[in-house]
Amino acid sequence: MNQPIFLLPVFQERIWGGTKLKALFGYNIPSETTGECWAISAHPNGQSIVKNGPYQGMPLGELWTSHPELFQSSSSVFPLLTKLLDASDDLSVQVHPDDEYAGKHENGELGKTECWYIVDAEPGASIIYGHEASTKEQFIRLIQDGRWNDLLTSVPVKAGDFFYVPSGTIHALGKGIVVLETQQSSDTTYRVYDYDRKDKNGSLRELHLDKAIEVTTVPQAYVPVSYSTHEAEGLSIVTFVSNEFFTVEKWEVAGAAQLPGSSKYQLFSVLEGNGRLRIGGESFELRKGDHFITPAGFGPYELDGRLQLIVSNE
């Protein structure tokens, strides 16, 4: 199949959500507390639907199982999930398990290693990224005593920043941040602290301290990230991370760029600009907020216009 597979996103309402997904990307969001756009998802809790071509109307998970030739993957499930998140308020401080722990304790779910590309950030915005405890005992004591300022590491952010968040890392988006998140296809989150907020029913949201203590990496281990840049006519590619979970890149298109294609399927999200993808005499319009997959063996093709894209693969 030599055409891109465009996808209809799924929106998730959250206590901390807002309206920036509409303001920035023009999405028809369900409410003023829309926190997440599951843009490329085959997870059972929110599946993208194919928007075009011979598989129009098919959930991505069904496409994955019924047409494995499009993906050429050894994974039993679609392994990645691309999201846009609008943090209109602080997210809960949380941590995710790795594959082994999630597989054992969460009905075979994948673990959740993720990464963030900061799309937009209000002045003074920050994230929680890691902790200060040197031993598990100190970690538990600081939680029990509610000494969150002593425990949690706060990092200022701006648009264009990138953060790699392996499983076991304490983290939280702060108020006023929009991110594109590339993650393992998992919906398992252990809340550590939620600012004593109450839900719409007036109840404190559930915490998962026992599991969080089990899976958190102590002391904090920051994985060094070194970017690499590739320049070609009309195209600049920055590789943020490439490991056993995913490869994530930012592509900047300025003019016409010739691409040889890829033996791997690839996930594309258009963050800025507009343009076209041309292949085999066909032309496909690309606009800010579009998300699509190019199947395994796709190409060669051309990207034309002014575009900023996040591109990932397993």
Exercise. Being of a type in the set (Ser, Thr, Tyr), surrounded by 10 or more Cβ atoms within 10 Å (Cβ to Cβ), more than 19 Å from the chain's Cα centre (by Cα) and closer than 14 Å to ILE170 by Cβ, is that true of even one residue in segment 205-218?
Worked result: yes
Problem set entry | Unique residue being without any contact (Cβ under 8 Å) to a residue 24 or more places away in the chain and open to solvent by less than 60 Å² (accessible area, probe 1.4 Å) when the list is GLY130, GLY61 | GLY61
Seminar exercise, completed: Subset of segment 71-90, residues buried (at least 19 other Cβ atoms within 10 Å of the Cβ) and either at pLDDT below 95 or in contact with a Lys or Arg (Cβ under 8 Å, 6 or more places away or on another chain) (or both), comes to ASP86, ALA87, SER88, ASP90
For this session: Considering only segment 158-196, state which residues are open to solvent by less than 40 Å² (accessible area, probe 1.4 Å), part of a loop (DSSP other than H, G, I, E, B) and not hydroxyl-bearing (Ser, Thr, Tyr).
Result: GLY160, ASP161, PRO166, GLY168, ILE170, GLY174, GLY176, ASP194
Problem set entry | Subset of segment 17-32 (residues that are touching a residue at least 12 places away in the same chain (Cβ under 8 Å) and either touching a Ser or Thr at 6+ places or on another chain (Cβ under 6 Å) or farther than 16 Å from ILE177 by Cβ (or both)) | GLY17, GLY18, LEU21, LYS22, GLY26, TYR27, ILE29, PRO30, SER31, GLU32
Problem set entry | Exclusive hit being in contact with a Lys or Arg (Cβ under 7 Å, 6 or more places away or on another chain), within 22 Å of GLY18 (Cα to Cα) and of a type outside the set (S, T, N, Q), set ILE118, ILE127 | ILE118
Exercise. Pick from PRO4, PRO68: which is over 16 Å from SER185 (Cα atoms), open to solvent by 70 Å² or more (accessible area, probe 1.4 Å), modelled with pLDDT of 95 or more and not basic (Lys, Arg)?
Worked result: PRO68
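The values are calculated or read from the model by the stated rules, or taken from the named source; none is laboratory data. A quick note: this is a predicted structure, and the numbers were derived from the prediction, not measured. Cβ: placed from backbone, ideal geometry, glycine included. Neighbour counts: every protein chain shown. Just so you know, the surface numbers come from the protein's heavy atoms only, side chains and all, with ligands and any DNA or RNA stripped out. Shrake-Rupley method; radii C 1.70, N 1.55, O 1.52, S 1.80 Å.
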